[in-house]
Amino acid sequence: MDNRHFEIQDNTEKNRNRPEKNSIEVRDNMQTMRQNNHSSENRDSHASQDDNHSQRNRERHNSKNNRSNQSIKTFNNSVFTTEQLSVYYGDTLALSKVNMEIPPKQVTALIGPSGCGKSTLIRCFNRLNDLIESFHTEGKVFFHDKNLYSKKVDAVKVRRKIGMVFQKPNPFPKSIYDNIAYGARINNYSGDMDELVENSLKKAALWTEVKDKLKENGLSLSGGQKQRLCIARAVALKPEVILMDEPCSSLDPVSTQKVEDLIHDLKESYTVVIVTHNMQQATRVADLTAFFNAEEGESGNRFGYLVEYDETDKIFQDPQEEATQKYVSGDFG
């Protein structure tokens, strides 16, 4: 399997070009792993089609909610950088003007109440939102120095470098072995498949539990084992980043502890971004934490925005924003 960075012919540099609006239609086959390359399409401007509610929403977005003066935490060699990133579904604003950087080989947690855009944000990082027809963005998302939403970027190749683990474990209805080997096979992996399967399961702390039953169906595993199998499946593609959208929300405490221990181990080799509603979990696993909140626009829809982003200890012990203090204290959310 080719572990090199995907090729991107993009001369765009940060802070130079105007934001692009793009939509990619990708056939979702076997949880996005059996996808063929699709051509990118430029999205026409929707400004002339906005109704009065949408116009008021954008005005509110551009005035009261303009938080561009907020200090931005920066890192050397950031894996992801967002610049004034806003997300819309049709005319509805979902996430407003997010500026943040994600450092390499650390765990970054996204916390906040429901509806504040946490899952929307991490799905921007591997372009899964492209599968939603009405989705479009303003601003930019960089993977290293490449604009992910450039029309020259292949979304399928992006997902090979940026793996995803979902809230509910979703193993394929195949053997444990084939769950790991499947992605490698469709990507023409030419190495030792047995070795790849074993190493992936070891990285997911599952090998000792399943090594004698690799031919059994992955659906026969317990909930916690299924989730670790999904992590092993993501690791097998040799990504650089692993995104986790509430990976422990459906697990029991014992299984949750195993996944959290695994997250600590994974950051030795991968950049991890995790969405969690469990603030205690964020304090246990995350090096950095970003707190998002939501407010209601004039048309009645709720949209999310970044309030504060810093080292986890500082967010929970010495937050700089009143809203952060109230949230981590349990006053709302």
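The values are calculated or read from the model by the stated rules, or taken from the named source; none is laboratory data. It should be emphasised that the depicted structure is a prediction, and the values quoted were computed from it without experimental measurement. Note that each Cβ is placed from the backbone with ideal geometry, even for glycine, and that neighbours are counted across all protein chains shown. Heavy atoms of the whole protein, side chains included, go into the accessibility calculation; ligands, DNA and RNA do not. Shrake-Rupley method; radii C 1.70, N 1.55, O 1.52, S 1.80 Å.
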* Asked: Are there GluC sites (Glu not before Pro) in region 224-298 that DSSP puts in a loop and that have at most 10 other Cβ atoms within 10 Å, and which ones?
  -> Glu268
* Structure fact -> For region 173-332, shape from the Cα gyration tensor axes a ≥ b ≥ c, cut at a/c of 1.5 then a/b versus b/c, turns out prolate
* Roll a 1.4 Å probe over the protein chains and send me the accessible area per residue for region 187-328 in Å². => 43 Å²
* List the lysines whose Cα lies under 18 Å from the Cα of Lys168, skipping any in the same chain that are fewer than 8 positions away. => Lys118, Lys226, Lys258
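I'd like the chymotrypsin sites (Phe, Trp or Tyr not before Pro) in region 202-308 restricted to DSSP loop residues with at most 15 other Cβ atoms within 10 Å, sorted by number. Kindly include the intermediate steps, with their values, before the conclusion.
Values: sites: Trp207, Tyr270, Phe291, Phe292, Phe303, Tyr305; in loops: Tyr270.
Those that pass, being in a loop and sparsely packed, number zero.
For region 80-181, what is Rg from Cα atoms divided by 2.2 N^0.38 Å, rounded to two decimals? Show your work: numbers first, answer last.
Details: Rg = 14.9 Å, N = 102, 2.2 N^0.38 = 12.8 Å.
Compactness ratio reported: 1.17.
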* Describe numerically, in nm with one decimal, the distance between label points set 7 Å from Cα along Cα→Cβ at Phe75 and at Arg185. => 3.6 nm
* With θ set to phi - 60° and the Karplus curve 6.51 cos²θ - 1.76 cosθ + 1.60, what are the ³J(HN,Hα) couplings of region 268-280 in order, to the nearest whole Hz, using x for Gly and Pro? -> 5, 10, 10, 8, 10, 10, 10, 8, 8, 8, 9, 5, 5
* Within region 158-176, what residues put their amide N at less than 14 Å from the label point 7 Å along the Cα-to-Cβ vector of Asn278? -> 167-169
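If the limit is 22 Å between Cα atoms, which of Lys73/Lys203; Lys105/Lys215; Lys105/Lys151; Lys73/Lys105 go over it?
Lys73/Lys203; Lys105/Lys215; Lys105/Lys151
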* Asked: Can you give the Rg and Dmax of region 178-271 based on its C-alpha atoms, in angstrom?
  -> 12.8, 39
* Taking 7 Å along the Cα-to-C-beta vector as the label spot, tell me the Lys215-Tyr89 distance in nanometres, rounded to one decimal. => 4.5 nm
* Asked: Rounded to the nearest 10 Å², what accessible area does Lys314 show when all protein chains are kept and the probe is 1.4 Å?
  -> 80 Å²
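Assuming 0.36 nm per residue, please report the length gained on full extension of the stretch Glu268 to Gln167 beyond their Cα-Cα distance.
Working: separation 101, 0.36 × 101 = 36.36 nm, distance 2.28 nm.
That works out to 34.1 nm of additional length.
Could you work out what % of the accessible surface of region 80-329 is carbon and sulfur, using a 1.4 angstrom probe and leaving DNA, RNA and ligands out of the count?
Working: 3940 of 9180 Å².
Carbon and sulfur together cover 43 percent of it.
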